[in-house]
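A short write-up of the structure that comes next.
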Amino acid sequence: MTTTRTAAIGIMCKAPQPGRAKTRLAARIGAVSAAKLSECFLRDVAAAIDSLPETLGRKGYGVYAPAGTELELKRLFPSSFGLLLQVDAEFGNVLHGAVRNLLVMGHDCAVLVNGDSPTLPPPVLVATVETLRQDGDRVVLGPASDGGYYLIGLKRPHRRLFEEIAWGTDVVAEQTLKRAREIGLEAVTLPEWYDVDDAETLGWLRNELAGCSTRFRNGGPAPATRAYLAQMAELDL
């Protein structure tokens, strides 16, 4: 008998509703455009996951809140994706709960990615899964340019990694690596990438898609985001 290994790759997300999505960007481009852009980001991150070779053994999920937005999210993701409701007032509990629940579902490893990185390179996801499947326990962390992280991958649910973290600050990745050292857990760090949260990082995205970024290269194609940004340019947004 053979056992098929399947990595769970979950997008941390919420339904892209005007007034509730990308609020910092909304101040610059308007609530409707910010929500539409958020929708495009989710479509493109999901497409990056869906593009991974089936031989890798993977299944995509939307890890979401609040309840009641399931139909809205389902229309954004490939039909193969599952949805995992994960609600808590403390973000560390949300992340830990998502990892734990995905592993309990029978996946051999769990990878959580940010829904705000539309050009997330698919090879990074492949490398993460392959690294997690090597012998021994470890955490794989993708540091973001703002000091957070765009990806975390685990094969066991280590609660300590999500405790005493100053969420939303520029020391999140640093503190997470410190927690790994405290519990003697090997940490593998991926190349830096970025989240699109404000006007500055939207500029980074535009430069990357135009092929003129000197910092971020070889990202995913992000077709939905690319198309909507072209519409925004026509409207001078």
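The values are calculated or read from the model by the stated rules, or taken from the named source; none is laboratory data. These figures come from a predicted structure and were not determined experimentally. FYI the Cβ positions are ideal-geometry reconstructions off the backbone, even for glycines, and counts take in every protein chain you see.
The single residue among ARG206, ARG179 that is under 24 Å from GLY10 (Cβ atoms), basic (Lys, Arg) and modelled with pLDDT of 95 or more turns out to be ARG179. Against the condition over 26 Å from LYS14 (Cβ atoms) and under 18 Å from the mean Cα position of the chain (by Cα), how does VAL172 come out, does it pass? The answer is no for VAL172. Go through segment 44-77 and give me each residue that's free of Cβ contacts under 8 Å to residues at least 40 places away in the same chain, under 20 Å from VAL124 (Cα atoms), surrounded by fewer than 19 Cβ atoms within 10 Å (Cβ to Cβ) and of a type outside the set (Ser, Thr, Tyr). If the condition is that a residue be free of Cβ contacts under 8 Å to residues at least 40 places away in the same chain, under 20 Å from VAL124 (Cα atoms), surrounded by fewer than 19 Cβ atoms within 10 Å (Cβ to Cβ) and of a type outside the set (Ser, Thr, Tyr), then ASP50, GLU54 are the ones that fit. On the stretch given as segment 208-233, residues that are in a loop (DSSP other than H, G, I, E, B) and of a type outside the set (Ser, Thr, Tyr) total 11.
Of everything in segment 35-54 that is in a helix (DSSP H, G or I) and more than 21 Å from TRP193 (Cα to Cα), the residue that is modelled with the lowest pLDDT is GLU54.
For the criterion of being surrounded by 17 or more Cβ atoms within 10 Å (Cβ to Cβ), more than 18 Å from the chain's Cα centre (by Cα) and either without any contact (Cβ under 8 Å) to a residue 40 or more places away in the chain or in a loop (DSSP other than H, G, I, E, B) (or both), ALA15 fails. None of GLU192, GLU163 is in contact with a Phe, Trp or Tyr (Cβ under 9 Å, 6 or more places away or on another chain) and charged (D, E, K, R) except GLU192. Taking the criterion of being surrounded by fewer than 22 Cβ atoms within 10 Å (Cβ to Cβ) and farther than 19 Å from GLU72 by Cα, the residues of segment 24-39 that qualify are ARG24, ALA26, ALA27, ARG28, ILE29, GLY30.
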